[in-house]
1. Quick check on this structure: which one of A:T309, A:T325, A:T303, A:T314 is out of contact with any Gly (no Cβ under 9 Å at 6 or more places or on another chain), more than 14 Å from every other protein chain (Cβ to nearest Cβ) and over 23 Å from A:S24 (Cβ atoms)?
2. All but one of (1) at positive phi; (2) touching a helix residue (DSSP H, G or I) at 6+ places or on another chain (Cβ under 6 Å) hold for B:G41; which doesn't?
3. So, in the stretch A:39-81, how many residues would count as being surrounded by 12 or more Cβ atoms within 10 Å (Cβ to Cβ) and not in a helix (DSSP H, G or I)?
4. What about B:I163, is it buried (at least 20 other Cβ atoms within 10 Å of the Cβ), in a helix (DSSP H, G or I) and not assigned by TED's automatic domain parsing to the domain that holds B:P255?
5. Hey, does the stretch A:322-332 have a residue that's touching a helix residue (DSSP H, G or I) at 6+ places or on another chain (Cβ under 7 Å) and over 20 Å from A:Y209 (Cα atoms)?
6. For residues in the stretch B:159-188 being under 16 Å from the mean Cα position of the chain (by Cα) and among the β-branched types (V, I, T), which is farthest from the other protein chains (Cβ to nearest Cβ)?
7. Which one of these is exposed (fewer than 12 other Cβ atoms within 10 Å of the Cβ) and touching a residue at least 60 places away in the same chain (Cβ under 8 Å): A:P205, A:P200?
8. Report yes if some residue within the stretch B:19-38 is within 14 Å of chain A (Cβ to nearest Cβ) and in contact with a strand residue (DSSP E or B) (Cβ under 9 Å, 6 or more places away or on another chain); otherwise report no.
Amino acid sequence: MSSAARRRREIVRYLRFVGVRSASVLAALVLGMLLVVIIANLGGKIDQIIEADIRFSVGMVFQDPTMRKQIEERCKQECLAKGIEEEEALRNCIEECKTSWVETQVEILKRARGLDKPFAIRVFYYLGDALTLNLGRAIYMHSDTGSSRVWDIIIERLPNTILLFTTANLIIFFAELFLGLMLSRKYGTILDKLAVSLAPLSSMPGWFYGLFMIIIFAFWLKILPSGGMISPETPPDPLLRALDIMRHMILPLLSWLIAYVPIGVYYYRTFFLMFSTEEYVEYARARGIPPRIIERRYILRPTLPPIITTLVLTLIGSWMGAIITESIFRWPGLGSVLAEAIARNDSPVIVGIIAVYAYLLAISVIALDFIYGIVDPRVRVGGE
Amino acid sequence: MLRVENLRMYYRTMSGLVRAVEDVNFRLREGETIALIGESGCGKTSLARAVIRFLPRNVAELSGSVVIDGIETIGMSDKDFDSKIRWRKITYVSQAAISSLNPVIRVVDHMIEPLVIHFKVPKTDAIERAKEIIKRVGIPEDFLWRYPFELSGGMRQRVVIAISLITNPKIVILDEPTSALDVMTQANILNMLKELRSKINLSYIFITHDIAVSSELADKVAVMYAGWIVELGPAEKVYVDPLHPYSKGLLGSVPRLRSDVPVTFIPGTPPSLINPPKGCRFRPRCRYAMPKCEEIPPVIKTGSEEYVRCWLYGEK
């Protein structure tokens, strides 16, 4: 076969593969989002709660004497216009008129919220909105600048989350990887044994160490802030602000490092030890290939796919923030927004955050397929 | 070319010292092939690894003398060994050649590595040399750009042999190079090895448990048992008329086509190398064992470069 024809066939095969893959990921995304929409709305229960809220707020109008008088006056005029003059009948007419006014108001407000159609149908509207990232407005929550648009709420908090948690995860990932690689070289030494015995530190989550960090460094030594992201007294100079934010990041970062690096180092050490006894690594040693090249070309290269997977999923995972760590350190991230949304049943916010997350995840899964093909020739072939 | 004298290698393990190679002597001339034969675990691979200094971490003792092309290598620093001996004078074809290639780099990258690393040859020249060598082992040039998993087992074996030839060594250690291959591929590889030897005057140390295969190539045969060379001699002599009782048993266990001679076997199992039997290590399985065998048998010269380690041939 000519090389051009073979090339063409390869491209067609590749495109078909990408198509099938994207379609299946998309299907999973739609199904997942449908579930999220149903769960975030408590299967329609939220509707009843909102309706009760609307009814309550409409009823509140009558608590205001001037408003009540106005409405009663208007109803009286209507009833008189109908020619009802007898006192008993007039009072009944006014009550009826008031009730129907309330119902009309409730109906108008419900329609404004889109609650007039049954939930089973609305689920698909919600789903469509979520999938087109048309995230709408929050029911109760609003951003610090006062906007109730879900995008505004997310965008406001996202940089903070990325700043702290993506940084933390990146540091943790590379520390694990390189310390693990280094220890696999020093198998059996005192350093290796020490690292292995430190692994149980990771049996506690990051926020647990956060509590100690706050007690030690903020309350006892008084050298670092106990929480928050920036001190209110910091002057608006960008450099000073950046330094202050970094000061606030030290404790949460430190507590996450203590909690998550030891087990990761242990994991990668064992991982690399396993792969460094592969026959082709041994044979490279027999050939006198220098250790540094062996490490790079014979150990890291063949193991890149699982390492990259871990990295990408860690980075995506950091986007949601960390609920408990954020509240302990009073860090204004997305985690606390999500926690508040769940606590207050603010379904558009829940659906919004998760929709963005789902898209990031789906895109990464597809991107990973491409990356595997680049780093590992065995994946590229996919059968003749 | 290669002179091994009183070579000894012990491993340290949890259960004690493993005497994997003990008091081994042999010589190898230019263009000559020595076959190391014996059962699994008799120390053949350990011997080879001691010669090319490809040692596990738990080596407890490595002593004696290994002279390669006039240079004494025991006692040499690892750095000197790497820069003067390894892959320059002597190369190694590993036991599991089929899985000895890195799955994510191309054949050509494997081949040029020794040249680029040990000889600092520019990459383009190294690739030219790789093209030349790969043709010599019977693989088309364009296979250089393939990945190992795109080659058959026999081809991978040829590639590993090509890697061991690329730096023009004097000695190639072949550690069971054909045992994982089917008979046809085996025959092909053996023919190729023969051809290479006559063309470029290579010396082989050929390690195998397959006596039929070893008889194809060997000029000399060393029969190993429990870390010792129990008999060393010219191929035609050892194959036809072995002296040591173990050699007799080993050669008797080779099936012969259309012959009335029954296939024999040696009862018992090879001894533990942690706690070898007192005296002759073959004594517990030997038909001819006698009281004298409780003493370590001497090396008895039976020719200029032949010996046997057995009391049967002792004068006393």
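1. The match here is A:T314.
2. Going through (1) at positive phi; (2) touching a helix residue (DSSP H, G or I) at 6+ places or on another chain (Cβ under 6 Å) one by one, B:G41 breaks only (2).
3. 1
4. Details: buried (at least 20 other Cβ atoms within 10 Å of the Cβ): yes; in a helix (DSSP H, G or I): yes; not assigned by TED's automatic domain parsing to the domain that holds B:P255: yes.
The answer is yes for B:I163.
5. Our first condition is that a residue be touching a helix residue (DSSP H, G or I) at 6+ places or on another chain (Cβ under 7 Å); within the stretch A:322-332, this holds for A:322-329, A:331-332.
Okay, now just the ones that are also over 20 Å from A:Y209 (Cα atoms), so none.
Looking through the stretch A:322-332, none of the residues is touching a helix residue (DSSP H, G or I) at 6+ places or on another chain (Cβ under 7 Å) and over 20 Å from A:Y209 (Cα atoms).
6. Of everything passing the filter in the stretch B:159-188, B:T178 is farthest from the other protein chains (Cβ to nearest Cβ).
7. Sole residue among the options that is exposed (fewer than 12 other Cβ atoms within 10 Å of the Cβ) and touching a residue at least 60 places away in the same chain (Cβ under 8 Å): A:P200.
8. So far as the stretch B:19-38 goes, no, none of its residues is within 14 Å of chain A (Cβ to nearest Cβ) and in contact with a strand residue (DSSP E or B) (Cβ under 9 Å, 6 or more places away or on another chain).
The values are calculated or read from the model by the stated rules, or taken from the named source; none is laboratory data. For clarity, every value in this text was computed on a predicted model and none was experimentally measured. Every residue, glycine among them, receives a Cβ derived from its backbone with ideal geometry; neighbour counts consider all protein chains shown.
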